[in-house]
1. Q33: net charge of surrounding residues, Cβ under 13 Å, Lys/Arg +1, Asp/Glu -1, itself excluded?
2. Cut-off under 15 Å on the C-alpha distance; same-chain residues fewer than 8 positions from K349 excluded. Which aspartates and glutamates are left, in chain and number order?
3. Using just the C-alpha positions of region 311-485 as equal point scatterers, what log10 of I(q)/I(0) does the Debye formula give at each q in 0.10, 0.17, 0.18 1/Å?
4. Dipole size in debye (nearest 20) for region 185-303 around its Cα centre, Lys and Arg Cβ +1, Asp and Glu Cβ -1?
5. Can you flag which of K59/K152; K357/K442; K179/K475 are past 31 Å Cα-Cα?
6. Could you give the length gained by full extension between W320 and E283, i.e. 0.36 nm per residue of separation minus their alpha carbon distance, to one decimal place?
7. Can you tell me the 0 to 90 degree angle between the C-alpha axis of helix 313-322 and the longest principal axis of the chain, rounded to 10?
8. Give, rounded to the nearest 20 debye, the magnitude of the charge dipole that the chain has about its Cα centre when Lys and Arg contribute +1 at Cβ and Asp and Glu contribute -1 at Cβ.
Amino acid sequence: MRKLVILVLSLCLMLPAGVAAFAEIPAALEAPQSPSLRYEDGAIMFRYIIPQSIVDAIKNYTWDGDVLLCVDYKVNDGPWHFDDPVVTADTYDIDNDLERPFVWDVAGVFWDENNVQEENFVLWDFGLSTEIDLSKDKYTFRARFALYDYGKGLDQEYITSPWSDEVSIGGSAAAETLKSLEAPADFKVEVKYRPENGLPYFYLTWTNPQSVIEANKKFPIRIKTDMKVGDGKWISETVGQDWWGSDPFTTHLEFDPVIKHYVDHIDIEADTYYLRIIYAYEEESRPKVYSPYSNTVTIGAEAFYSNASSWAEAHLKNAWDLGIITDRLMGEDMTQPITREEFAEIAVKFYEIVTGKKATVGEKTFPDTNNPEILKAANVGIVAGGSDGTFNPKGLLQRQQMATMIVNTLQACYPNIIIDTSGQPDFKDQAQFANYAIERAKFMAKYGIAAGDGTGNFLPTATCTRQEAITFLVKAYDLRDTYKFGN
């Protein structure tokens with residue numbers, strides 16, 4: 001009867017030469033890491049992490065061999081099925097349907113960027129004629145690696161790792177659930193061109209939060225790429241999350257919306273593309289879990305920023321339509337802190353658009369800047385500088401400074417506006433304010449222009465991002481009909 005070694009040799013013939021070869025025969029192997037089980041659509045899913053030492057060994061090329069994953073299991077308090085002290089060609093019989101599924105070549109099965117690999121076991125793998133009954137039976141699994149050296153012949157004892165930790169499912173062993181996922185972080189998009197035909201595609205990169213990396217050890221987390229063109233709908237709004245395609249868990253992706261049938265062509269010079277990603281956990285018998293969206297990246301003809309959070313997109317578009325986006329901010333990452341100089345420039349644009357007047361330079365000067373937009377802002381009363389007479393143009397704008405500059409801008413635009421703060425309670429962190437900023441921050445809070453942290457704090461000394469500052473300024477414009485005015 002053909003034994004395990006035939007499986008090893010046949011797998012070797014199917015794989016590219018050297019795909020599972022080692023620089024030298026290792027004296028020992030690390031055990032499989034972080035094993036976990038879940039039940040999905042009639043199958044027990046066994047998921048584990050391949051140690052980096054095993055991955056590195058598989059990717060070398062000077063000694064021929066295979067690393068196998070040998071899985072063992074028991075039902076309730078029954079015996080282990082493959083409890084041999086060593087692994088040989090006789091341990092698993094590949095002609096036996098009850099043994100063949102429990103051993104495989106590690107290099108022949110997909111694993112993701114975090115070295116997570118998964119296989120499933122169905123009812124006939126356990127010799128059952130009806131479905132697996134986890135309400136009655138508990139299944140316990142463990143696994144170890146075994147190294148087969150082609151040069152040692154058929155009767156060798158394989159080098160084996162220790163057993164992994166044991167994991168159970170069914171009976172009194174409660175199944176784990178996934179309830180939430182953090183959003184992808186630091187999403188970026190680069191336009192690249194295929195060397196064979198010069199056609200463009202998008203190269204996506206992002207950072208996976210540690211909590212999502214940990215979740216992926218037990219649950220298959222997928223990546224979904226969402227896109228819209230111009231003022232069109234997002235793909236997710238058109239086809240829905242359930243039917244929207246996904247990719248394996250990773251930190252980078254070549255995304256071609258033409259191949260995905262999202263669009264029939266890409267024209268960077270004529271169209272504007274908005275991209276974002278989301279994590280998805282989608283299995284048939286479990287509640288689906290989706291993360292919040294990443295920040296949105298804009299590419300193309302009208303892309304005036306390189307990065308923004310999804311909540312800020314509409315406000316940034318309104319700011320663009322209003323005409324307050326300056327040349328300095330074109331193409332910039334809107335999630336980064338805004339400088340005092342950047343905000344002074346957009347405030348001047350705001351003033352000129354609302355009043356229809358051109359701001360001019362006056363007598364006010366600063367020793368650390370001669371930027372005419374800052375001098376215009378000083379002349380109309382939007383900015384005043386520090387107590388030492390300097391402006392600190394490259395300094396990051398604090399939230400209390402932002403509130404002050406926005407209210408100053410409104411007063412410059414509407415000289416008879418009343419800075420009404422009646423009924424607005426004190427902030428919990430009001431002691432942290434500079435005295436000049438308290439009334440202005442309360443005005444912002446009362447009218448819903450700028451909120452704090454949701455618990456009564458305004459965070460006066462925290463920095464303000466570009467997208468926050470622009471959003472607050474746009475909100476201040478949108479609320480202009482609600483303010484109180486004097487005679």
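1. +2
2. D321, D327, E341, E373
3. Once normalised to I(0) and log-transformed, intensities are -0.35, -1.08, -1.23.
4. Here region 185-303 has a charge dipole of around 500 debye.
5. The pairs that break the limit, which is 31 Å between Cα atoms, are K179/K475.
6. In short, 9.2 nm is gained.
7. 30
8. Around 2480 debye, computed over the chain.
Readers should treat all values here as calculations from the given coordinates under stated rules, not as data from a laboratory. Just so you know, these numbers come straight off a predicted model, no measurement behind them. Cβ sites come from the backbone with ideal geometry, for glycine too, and all protein chains shown count toward neighbours.
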